1. Is it the case, given these coordinates, that residue 138 is exposed (fewer than 15 other Cβ atoms within 10 Å of the Cβ) and either in a helix (DSSP H, G or I) or modelled with pLDDT under 75 (or both)?
2. In region 143-150, is there at least one residue being part of a helix (DSSP H, G or I), under 11 Å from the mean Cα position of the chain (by Cα) and either among the small types (Gly, Ala, Ser) or farther than 18 Å from residue 75 by Cβ (or both)?
3. Suppose the filter is more than 21 Å from residue 83 (Cβ to Cβ), under 12 Å from the mean Cα position of the chain (by Cα) and at pLDDT 90 or above; does residue 4 pass it?
4. Which residue out of 190, 195, 212 is at pLDDT 95 or above, farther than 23 Å from residue 97 by Cα and exposed (fewer than 14 other Cβ atoms within 10 Å of the Cβ)?
5. In region 17-31, how many are out of contact with any Ser or Thr (no Cβ under 9 Å at 6 or more places or on another chain) and among the aromatic types (Phe, Trp, Tyr)?
6. How many of the residues making up region 106-137 are out of contact with any helix residue (DSSP H, G or I) (no Cβ under 8 Å at 6 or more places or on another chain) and either touching a residue at least 60 places away in the same chain (Cβ under 8 Å) or over 25 Å from residue 233 (Cα atoms) (or both)?
Amino acid sequence: MNSVTALVLANLAVALGATVQTATGLGFAMVAAPLLALISLQLVPGPMLLINLILSLLMLGTERSSINRSELSILFPTIAAGTLIAAAILTSISTELFGVVFALLILISVVASLFTKPISLSSANLAAGGFLAGLMGTISGLSGPPMAVLYQHEDLQKTRPTLAVVFSFSYASSLIALTVTGQFDAELALDGLKLLPGLLLGYLLATKYRGLVSQTTGRVMMLSIAAFGSFILLLKWL
């Protein structure tokens with residue numbers, strides 16, 4: 001990513017995603033992923049996973065007291081399983097097919113977030129959500145949608161710290177898997193670090209004005225941007 005224009009646009013996309021996720025606990029990848037992919041497929045999933053990991057760690061540092069460890073004990077191993085399978089899949093698909101799969105995953109995520117009824121946080125549902133988070137997170141950088149389906153009707157103040165831990169683990173696992181399979185290296189890591197200004201801008205804005213962004217407003221913003229961006233991306237690669 002050598003173009004100044006591309007770098008500025010990518011940082012704006014990251015700032016928007018970071019604002020939504022810091023305010024609501026979810027949404028960075030669904031907002032930023034399709035926009036970053038339109039700028040350059042090189043920015044997903046690796047560089048975006050790196051910047052999202054940093055954001056999750058920032059969020060974790062402010063709200064540790066409400067972490068639900070019993071849920072984490074189910075989510076962690078299933079996320080790891082999904083991550084391993086996704087890494088194997090990525091080694092066997094072309095760039096063109098990746099672009100199509102990437103866009104379709106986002107659109108499916110939007111539909112699921114809109115029409116899925118509230119579900120209980122049972123062990124089976126947590127395990128399924130964790131597996132899908134690992135699978136989708138490694139392929140597209142989107143660990144959030146399965147977690148959104150699980151937690152979208154739970155209390156925001158209680159779930160945000162747990163989600164920060166889940167995302168930190170998921171993104172770290174995905175980056176390790178991508179590195180081992182040769183799909184993430186120092187050059188891509190540098191591309192991710194170039195997005196730090198946008199990340200910090202979005203994080204600081206949301207931290208300062210968090211009370212002005214309701215969960216409903218953040219959700220509408222997240223799904224609208226995700227649907228539009230992924231639709232344009234799908235047209236680009238079909």
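1. no
2. yes
3. No: the conditions fail for residue 4.
4. Only one candidate passes the filter, namely 190.
5. The number of residues fulfilling the criteria is 0.
6. The qualifying residues number 5.
The values are calculated or read from the model by the stated rules, or taken from the named source; none is laboratory data. Quick caveat, the model's predicted, so the values are computed rather than measured. Using ideal geometry, Cβ is built from the backbone for each residue, glycine included, and neighbour counts are taken over all protein chains shown.
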